[in-house]
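The values are calculated or read from the model by the stated rules, or taken from the named source; none is laboratory data. For clarity, every value in this text was computed on a predicted model and none was experimentally measured. Glycine also receives a Cβ, built like all others from the backbone with ideal geometry; neighbour counts cover every protein chain displayed.
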């Protein structure tokens, strides 16, 4: 009585639409991860270049180290990976691999930054941030907003964020060096560890170099304006 | 839990897509039939059968006069058409209004104690002597050629009832404009269901039956306040054929306020769910064709999947709003970081959003065909805007109430 042909045709068309949606989503997910991988490769190259430059300039003055010496794209990878973690379209293994690379790049960049501050005797403008993705950590979410806002305000500030529970030996080493407890979020500023939530204003006080960064940014802005006016 | 939630969402979207594809295939199949109906229906009627139209009224003093006048203006031989108006214990001036028509030989007026629409219809059915009988709600009006476009279907002896296309009468409020578009969608859907032999409602406004339907199956039942749905399901259960004449236009006064619309739709959805329970034997029973195998199950499941999808979307948006609030409280508003990013990386390209886009696109295609079918042409109107912007937010209101009342066996009122 019922002609099944129509049901079969409708089912086939629906299945094709479904299959296409899955295929397109996977394709775009892969493309996004490739973008992250490309940025990571660029950052790795930047770090290698910075290390080489640093080694070459070891004997010379700190004045020769130009602004923009360190890679600017680490923050961008972080934002992308945080977004990707909350989506379902990405391959978990690929994402894990990219996170691993990202954390290692952060650590390399941090070591370079540390050597730079020690050699040149400048005030440190970096923060190490440990968060948790395993336990419900509302303060981690708020601290994330604060650090993003700070990075927007002070583009030269370097924030190195680490997933406390991520299975990576280098993170475990950092945790043991700074004796970070599982009382997250944890921030390491100037070698001191702070636990819990701190506002933008708190952190501006805790990292005195930020004021210098702000003054430098203001001066640069002024120069740019006067150049334009001239 | 998240996996189960995702699975339900995938299933709901698959079923929605399947239904839309099924409807579009049906449309492609019947396109030529529709053109023929447009050109020839109602033009060369050899013999006009006798018809009685029953007008049940309860407190309809404002509209019943126009309803009856629209029937008197029908382009149909006067001697073949009679009207029975039944005052179902009105407490307003309905009785007086009806009395003004009593002198017309085509019209009989009956009065009774209030007992509900089905009792008014049954009282009139006892007096009917014609071959065909129909009902016209006292808040509806017919196009003059409506009956001429219904009667030819009865040339096929197997057809037992014919339903019309219902449109909204002179919309004024936002909700009436919105319903105008919704009724266009209904016109498309009913015509497609007609081709599938799966109409599950013979609407109060101007559905016409062979009188033998009532003689053989009995009169109208209470049907959980939806007697027009119950009689249609009873007919389908007895394999009585119901078709739709989409060219026969009937206009109804749609609820103006949200409260009135809500009450009407709670009644319709509650009626559907409870009649579906009463006729559950038809579900997945291939003896009843498309209506049993596909249409009744999908109509029922769509109520729950709509609620689930809406609940899920609402929950996600609430979470997003809470996050935004926490962010605002933490770092304040910042033009740079508070506005959504237009970097393509941050567009959600998951399977669910892509599938949902597919469902929405097919819905828009069907909406286009529906408006074209109902109005003859498509142009962007405020009704379309209201429909697209508001409909999804108000439907869950009555679906939730109807499901709640069904689960907890709470009765509902007509008004």
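Cβ-Cβ distance below 7 Å, separation of 6 or more or different chains: which pairs start in region B:282-308 with a residue that is within 11 Å of chain A (Cβ to nearest Cβ) and end on one that is part of a helix (DSSP H, G or I) and loosely packed, with under 15 Cβ neighbours inside 10 Å?
Within 7 Å, the pairs are B:292/B:286; B:293/B:286.
State whether one or more residues within region B:324-335 are within 11 Å of another protein chain (Cβ to nearest Cβ), surrounded by 16 or more Cβ atoms within 10 Å (Cβ to Cβ) and more than 28 Å from residue A:83 (Cα to Cα).
no
Filtering region A:129-146 down to residues that are assigned to a helix (DSSP H, G or I) and in contact (Cβ under 8 Å) with a residue 24 or more places away in the chain, which residue is farthest from the other protein chains (Cβ to nearest Cβ)?
Looking at residues that are assigned to a helix (DSSP H, G or I) and in contact (Cβ under 8 Å) with a residue 24 or more places away in the chain, I get A:140.
Look through region B:343-379, keep the residues that are over 19 Å from residue B:20 (Cα atoms) and within 8 Å of chain A (Cβ to nearest Cβ), and return whichever of them is surrounded by the most Cβ atoms within 10 Å (Cβ to Cβ).
B:349
Here are A:193, A:205: which of them is more than 23 Å from residue A:77 (Cα to Cα), in a helix (DSSP H, G or I) and more than 14 Å from chain B (Cβ to nearest Cβ)?
Sole residue among the options that is more than 23 Å from residue A:77 (Cα to Cα), in a helix (DSSP H, G or I) and more than 14 Å from chain B (Cβ to nearest Cβ): A:205.
Identify, by number, the condition in (1) assigned to a helix (DSSP H, G or I); (2) buried (at least 18 other Cβ atoms within 10 Å of the Cβ) that residue B:249 doesn't meet.
Going through the list (1) assigned to a helix (DSSP H, G or I); (2) buried (at least 18 other Cβ atoms within 10 Å of the Cβ), residue B:249 breaks only (1).
Scan region B:25-59 for residues that are in contact (Cβ under 8 Å) with a residue 40 or more places away in the chain and at the interface with another protein chain (Cβ under 9 Å from one of its Cβ atoms) and jot them down.
Passing the criteria: B:26, B:29.
Conditions (1) assigned to a helix (DSSP H, G or I); (2) under 18 Å from the mean Cα position of the chain (by Cα); (3) farther than 22 Å from residue B:248 by Cα; (4) at pLDDT 90 or above, marked per residue:
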{"residue": "B:360", "(1), (2), (3), (4)": "yes, no, yes, yes"}
{"residue": "B:389", "(1), (2), (3), (4)": "yes, no, yes, yes"}
{"residue": "B:398", "(1), (2), (3), (4)": "yes, yes, yes, yes"}
{"residue": "B:406", "(1), (2), (3), (4)": "yes, no, yes, yes"}
{"residue": "B:410", "(1), (2), (3), (4)": "no, no, yes, no"}
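Yes/no per residue for (1) in the same structural domain as residue B:128 (by TED's automatic domain parsing); (2) in a loop (DSSP other than H, G, I, E, B); (3) out of contact with any helix residue (DSSP H, G or I) (no Cβ under 8 Å at 6 or more places or on another chain):
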| residue | (1), (2), (3) |
| --- | --- |
| B:15 | no, no, no |
| B:21 | no, no, no |
| B:28 | no, no, yes |
| B:55 | yes, no, no |
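For region B:194-213, name all the residues that are in a helix (DSSP H, G or I) and in contact with a strand residue (DSSP E or B) (Cβ under 7 Å, 6 or more places away or on another chain).
B:194, B:211, B:213
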